[in-house]
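Take a look at the structure set out below.
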Amino acid sequence: MSRDPETPPPWARRTSADCPVGVRQQAWIEASLAWFEREFVREPASRNVVLPGPDLPSTAYTGTPEQVISLVSRVCGVMGVDLTEITVELFDRAGEDAAATREERRTVGHYRVRNGRAVIGLDVTEASDAAYLIAVIAHELCHVRLLGEGRITTDRKDHERLTDLLTVYFGFGVFTTNAALRFGEAARGFSVHPLGELDERTLNAARNDGFSRLGYLTEREFGYAMACHAWLRREAEPAWAGHLAPGPRACLWQGLAYLGRTVEPGMLPPAGPASSRSRSAWCRRPTACGSAAST
């Protein structure tokens, strides 16, 4: 059986050079990442991406409360959060009535402020799954960096999406991207309510044959955000891409192909007329793409 030598084999990676997200989504992702650079400087983006293999606990990890707190401490170290300045609360909803859980939304994590002190709560029902728990911890600690430090308020309409995106900037995008997909497959999900509460209902609002994908960042948005993160790090062929689930990984490669024909490594595309219009739609408040808001 012969094959045209000019035709790539079916297993070869064929990547479009178009941006994998729409103009509005692209403008919001790029503007938000640029804002992160101004707020947190570029140093977080230059660190190694946290990976499920070498950066997970050893096989001795079983999800005990002590081990969960240790995991929070490790994520705090990467996120630049002082563990002694926050309160960590663990709760277990495994025994709740399933019907009531569906109606009331099963909370897997939350962020609160109590007596002026940041409090993050973690559902330890599946604490033995370290990768899943890291995704939730990273999300909650990003609330600490954004809301707790007064950089934004919950009045900002995109604060929930911004929290997801910040996990990418701080190097935890592999965990949060894959966790979002896993939530869909296993009837879990991200949904952040004012002051940062995570539940499983929003992601699973649309279901088809047991699979759902609905959240604050779509698969394509996560993929393009990861592409921008790699491009800022001057990684045209990131070795960590293989740790992503296939869907967002394809969007990552497409995003990198688009960035490769658009802008130099280490930079993001400049805002053109179309992007500017889109940015204004996303950034209606004075704090949306610039100065921090006070709480």
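LEU214 fulfils the conditions (1) open to solvent by 10 Å² or more (accessible area, probe 1.4 Å); (2) at pLDDT 50 or above except for a single criterion, (2). Cβ-Cβ contacts under 9 Å between residues 6 or more apart (or on different chains), taken from a first residue in segment 68-88 that is open to solvent by 50 Å² or more (accessible area, probe 1.4 Å) and among the β-branched types (Val, Ile, Thr) to a second residue that is at pLDDT 95 or above and part of a helix (DSSP H, G or I), are listed as ILE69/LEU83.
Checked against (1) surrounded by fewer than 12 Cβ atoms within 10 Å (Cβ to Cβ); (2) in contact (Cβ under 8 Å) with a residue 24 or more places away in the chain; (3) under 19 Å from ARG145 (Cα atoms), ASN48 passes all but a single condition, namely (3). The single condition from (1) buried (at least 16 other Cβ atoms within 10 Å of the Cβ); (2) at pLDDT 85 or above that ARG106 fails is (2). Please work out if THR154 is closer than 23 Å to ILE86 by Cβ, at pLDDT 85 or above and in a loop (DSSP other than H, G, I, E, B). Taking the combined requirement at face value, the residue satisfies it.
Taking the condition touching a residue at least 12 places away in the same chain (Cβ under 8 Å) and surrounded by fewer than 18 Cβ atoms within 10 Å (Cβ to Cβ), does PRO65 pass? So PRO65 passes the test.
Taken together, the residues in segment 240-265 that are β-branched (Val, Ile, Thr) and open to solvent by less than 50 Å² (accessible area, probe 1.4 Å) amount to 1. Looking at segment 145-183, which of its residues are among the β-branched types (Val, Ile, Thr) and open to solvent by less than 10 Å² (accessible area, probe 1.4 Å)? Listed by number, the residues that qualify are ILE152, THR163, THR167, VAL168, VAL174, THR176, THR177.
Evaluate the following for GLU237: is it out of contact with any Gly (no Cβ under 7 Å at 6 or more places or on another chain), at pLDDT 50 or above and open to solvent by 10 Å² or more (accessible area, probe 1.4 Å)? Criteria met by GLU237. Filtered by the rule that a residue be part of a loop (DSSP other than H, G, I, E, B) and over 21 Å from GLY171 (Cβ atoms), segment 235-274 gives VAL263, GLU264, PRO269, PRO270, ALA271, GLY272. Of all the numbered requirements in (1) modelled with pLDDT of 90 or more; (2) loosely packed, with under 13 Cβ neighbours inside 10 Å, ALA98 misses one, and that requirement is (1).
The values are calculated or read from the model by the stated rules, or taken from the named source; none is laboratory data. Please read all numbers here as calculations on a predicted model, not as lab measurements. As a convention, Cβ positions derive from the backbone with ideal geometry for all residues, glycine included, and neighbour counts pool all protein chains shown. Each accessible area value is taken on the protein alone, full model and side chains, heavy atoms only, with ligands, DNA and RNA left out. Shrake-Rupley method; radii C 1.70, N 1.55, O 1.52, S 1.80 Å.
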